[in-house]
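Student: Submitted below is the structure of interest, expressed as structure tokens.
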Amino acid sequence: MKITKLETFIVPPRWLFLKIETDEGLFGWGEPVVEGRAATVKAAVEEFSDYLIGKDPMRIEDHWQTMYRAGFYRGGPITMSAIAGIDQALWDIKGKYYNAPVSELMGGACRDSIRVYSWVGGDRPSDVGKAAKEKADAGFTAIKMNGTEELQYIDSYKKIDEVIERIAAVREAVGDDFGIGIDFHGRVHKPMAKILAKELEPFRPMFIEEPVLPENNEALREVARATNIPIATGERMFSRWDFKKLLEDGYVDIIQPDLSHAGGITECKKIFAMAEAYDVAVAPHCPLGPIALASCLQVDATSHNAVIQEQSLGIHYNQGSDLLDYLNDPQVFEYKDGYVDMLKKPGLGVSINEEFVRKQAEIGHNWKNPVWRHKDGSIAEW
Ligand SMILES: [Mg+2]
């Protein structure tokens with residue numbers, strides 16, 4: 001079997017899909033995207049196509065190693081997201097070839113389902129108590145929300161109080177036995193992260209996420225000293241080599257690699273396994289589309305330390321085009337009592353509605369994240 005074609009589709013709300021075709025009629029889908037840089041990742045995928053066309057799609061590990069190592073420069077969000085989507089599509093082909101879900105080819109599932117969580121509150125969290133209650137009523141057992149809006153290195157206690165009020169409203173609305181993930185979104189710098197982490201403790205969150213930017217991960221030591229809340233991070237880390245020091249340092253409790261950013265199924269399976277050896281849990285990042293989510297679930301299925309899965313149904317980014325719209329078989333992502341079943345169909349386990357993809361690609365998108373500034377005019381982390 002030989003790869004004959006790589007075709008990309010920029011589709012709303014902010015995704016990039018990839019279809020890889022072969023000379024035997026088998027094809028696979030991938031989602032090579034980093035949010036806000038879809039066109040750049042598309043270009044990177046096209047650069048890799050020079051190498052891939054004519055190659056045997058079954059040699060996934062060799063293609064991964066070649067794409068990673070043979071370009072001399074490596075790593076980072078663009079290259080690793082391009083590799084990720086290609087890797088997903090190759091696994092989809094392999095699974096279809098053997099008529100087995102990808103998880104079956106990686107040793108088989110060690111769980112039947114996984115807990116999922118849902119987003120509430122948007123970029124600027126408001127009315128989160130009501131939103132969280134709606135998710136609880138819809139059967140979810142956990143939500144995630146942004147903790148703060150813009151926050152300066154040293155900011156006011158009024159803003160801390162506002163965060164506390166919001167989390168208190170959520171806890172009151174959903175009761176004690178409900179998971180609350182609080183995403184600091186890299187918006188918070190070390191001095192305020194320490195204060196927030198300590199003040200949030202009474203509300204017993206499931207985790208705090210990206211309490212500081214990943215380039216400041218050494219500051220997690222100080223944050224961990226201030227609180228017993230589990231610390232999560234990793235959506236902006238792209239390979240085993242990025243995660244190596246984080247795991248060695250020992251201040252992280254949950255890693256959140258993104259299956260569409262961190263080298264795909266091949267690399268994330270290895271990252272999850274590294275974390276397991278440090279007794280660290282995994283909650284894969286996935287505010288993206290159905291191919292990314294299917295890829296997450298295939299690796300979750302085979303990973304003992306995967307504890308909960310992010311998913312984007314109803315997320316604020318998806319207005320107009322949502323998670324299930326591109327599927328012929330949306331029932332594969334049916335959430336029951338806050339859990340989703342492992343995918344059992346061949347390949348990634350989802351059937352993409354190609355006709356709809358082509359129609360939506362005519363609309364495309366140019367999604368960029370908002371640019372925020374502090375009151376003094378300086379740039380703020382979003
Ligand atoms: Mg996050």
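Student: Highest GNM mean-square fluctuation, the chain, Cα pairs closer than 10 Å: which of D92, D155, D258?
Tutor: Result for the chain, Cα springs under 10 Å: D155 fluctuates most.
Student: Calculated from DSSP H runs of 4 or more alone, at -39500 (n - 2.57) each and per residue, what is the 222 nm mean residue ellipticity of the chain, nearest 500?
Tutor: On the way: 12 runs with 142 residues, N = 382.
Calculated from helices alone, the mean residue ellipticity at 222 nm is -11500 deg cm²/dmol.
Student: What ranking do 26-35, 191-200, 119-128 get when scored by the average of other Cβ atoms within 10 Å per residue, highest first? Let's see the in-between values first.
Tutor: Numbers: 26-35: 26.2, 191-200: 20.9, 119-128: 17.5.
In decreasing order of mean packing, 26-35, 191-200, 119-128 become 26-35, 191-200, 119-128.
Student: Round to a whole number: what % of the accessible area of region 113-153 belongs to carbon and sulfur, probe 1.4 Å? Intermediate values should be presented prior to the final figure.
Tutor: Details: 700 of 1490 Å².
Ligands and nucleic acids excluded, carbon and sulfur give 47 percent.
Student: Quick query: amide H of A380 versus all other amide H atoms, modeled in the peptide plane; which residues come in under 5 Å with a sequence gap of 5 or more or a different chain?
Tutor: Counting only residues 5 or more places away or on other chains, the set is W372, R373, H374.
Student: Oh, and also: What number, in percent, do you get for the relative contact order of region 3-99 if the mean sequence gap of Cα pairs under 8 Å and at least 6 apart is divided by its residue count?
Tutor: On the way: 163 pairs, mean separation 33.3, N = 97.
Taking the mean separation of contacting Cα pairs over the length of region 3-99, I get 34 percent.
Student: Looking at the square roots a ≥ b ≥ c of the eigenvalues of the Cα gyration tensor of region 3-99, which shape do they give, rounded for a/c under 1.5, prolate if a/b is larger than b/c, or oblate? Before the final figure, lay out each step's value.
Tutor: Working: a/c = 1.87, a/b = 1.22, b/c = 1.53.
It is oblate, given that a/c is not under 1.5 and a/b is not larger than b/c.
Student: Over region 113-226, what per residue volume does the convex hull of the Cα atoms give, in whole Å³? Before the final figure, lay out each step's value.
Tutor: Details: hull volume 12.0 nm³, N = 114.
Per-residue hull volume (Cα only) is 105 Å³.
Student: May I pose another question? Express the carbon and sulfur contribution to the solvent-accessible surface of region 36-106 as a percent, rounded to the nearest whole number, probe 1.4 angstrom.
Tutor: Values: 1620 of 3160 Å².
The C+S portion of the solvent-accessible surface of region 36-106 is 51 percent.
Student: May I pose another question? With angles folded into 0 to 90 degrees, how steeply does helix 38-52 sit against the dominant principal axis of the chain? Use alpha carbons for both and round to 10.
Tutor: So the helix axis and the longest Cα principal axis differ by about 30 degrees.
Student: Name all residues of region 4-20 having a backbone nitrogen under 20 Å from the label point set 7 Å from the Cα of E354 along its Cα→Cβ direction, giving them as ranges.
Tutor: 4-12, 16-20
Student: Separate question: Within region 43-118, which trypsin sites (Lys or Arg not before Pro) sit in a loop by DSSP and count at most 13 neighbouring Cβ atoms inside 10 Å? Write down the numbers at each step before the final one.
Tutor: On the way: sites: K55, R59, R69, R74, K94, K96, R111, R115; in loops: K55, R59, R74, R111.
Listed in order of number, the matching sites are R59.
Student: Here's something else I'd like to know. Using only Cα atoms, tell me the angle between helix 157-174 and the longest principal axis of the chain; keep it within 0 to 90° and round to the nearest 10.
Tutor: 70 degrees
Student: Please report the net charge: other residues with Cβ closer than 13 Å to the Cβ of L247, K and R +1, D and E -1.
Tutor: Details: positive: R240, K244, K245, K270; negative: D242, E248, D249, D253, E276, D279.
Computed value for this residue: -2.
Student: Classify region 1-41 from the C-alpha gyration tensor, please: rounded if a/c falls under 1.5, else prolate or oblate depending on whether a/b exceeds b/c. Mind dumping the intermediate values first?
Tutor: On the way: a/c = 3.62, a/b = 2.74, b/c = 1.32.
Prolate is the answer for region 1-41, as a/c is 1.5 or above and a/b outweighs b/c.
Student: Related question: Would you kindly calculate the mean projected area, averaged across all directions, of the convex hull enclosing the Cα atoms of region 104-348, in square nanometres?
Tutor: On the way: hull surface 49.5 nm².
Projected area, direction-averaged: 12.4 nm².
Student: Could I ask something else about it? Give the relative contact order (percent, whole number) for the chain; include only Cα pairs under 8 Å separated by 6+ residues. Walk me through the numbers on the way to the answer.
Tutor: Numbers: 860 pairs, mean separation 84.0, N = 382.
22 percent.
Student: Right, something else. Tell me the angle of helix 240-249 to the major Cα principal axis of the chain, expressed in degrees between 0 and 90 and rounded to the nearest ten.
Tutor: Long axis of 240-249 versus the principal axis of the chain: about 30 degrees.
Student: Compare the peptides 361-369, 16-24, 231-239 by average per-residue count of other Cβ atoms within 10 angstrom and give them in order, highest first.
Tutor: On the way: 361-369: 12.9, 16-24: 20.9, 231-239: 25.0.
Result, highest mean first: 231-239, 16-24, 361-369.
Student: May I ask for the net charge around N99, where only other residues with Cβ less than 15 Å from the Cβ of N99 are counted and Lys, Arg are +1 while Asp, Glu are -1?
Tutor: Working: positive: K94, K96, K344, K345; negative: E24, D92, E104.
That sum, taken over residues with Cβ under 15 Å, equals +1.
Student: Roll a 1.4 Å probe over the protein chains and send me the accessible area per residue for region 104-348 in Å². Don't skip to the answer; put the middle values down first.
Tutor: Details: 9330 Å² over 245 residues.
Per-residue value: 38 Å².
Student: How much area per residue is accessible in region 3-99 when the probe is 1.4 Å and only protein heavy atoms are counted (Å²)?
Tutor: Details: 3780 Å² over 97 residues.
Counting only protein heavy atoms, the per-residue value for region 3-99 is 39 Å².
Student: Classify region 308-382 as rounded, prolate or oblate from the Cα gyration tensor: take a ≥ b ≥ c as the square roots of its eigenvalues, call it rounded if a/c is under 1.5, otherwise prolate when a/b beats b/c and oblate if not.
Tutor: On the way: a/c = 3.35, a/b = 1.67, b/c = 2.00.
Here region 308-382 falls in the oblate category.
The values are calculated or read from the model by the stated rules, or taken from the named source; none is laboratory data. Quick caveat: nothing in here was measured; it's all calculated off a predicted structure. Positions of Cβ are generated from backbone atoms using ideal geometry, with glycine treated the same way; all protein chains shown enter the neighbour counts. SASA here: full protein model, heavy atoms, side chains in, ligands and nucleic acids out. Shrake-Rupley method; radii C 1.70, N 1.55, O 1.52, S 1.80 Å.
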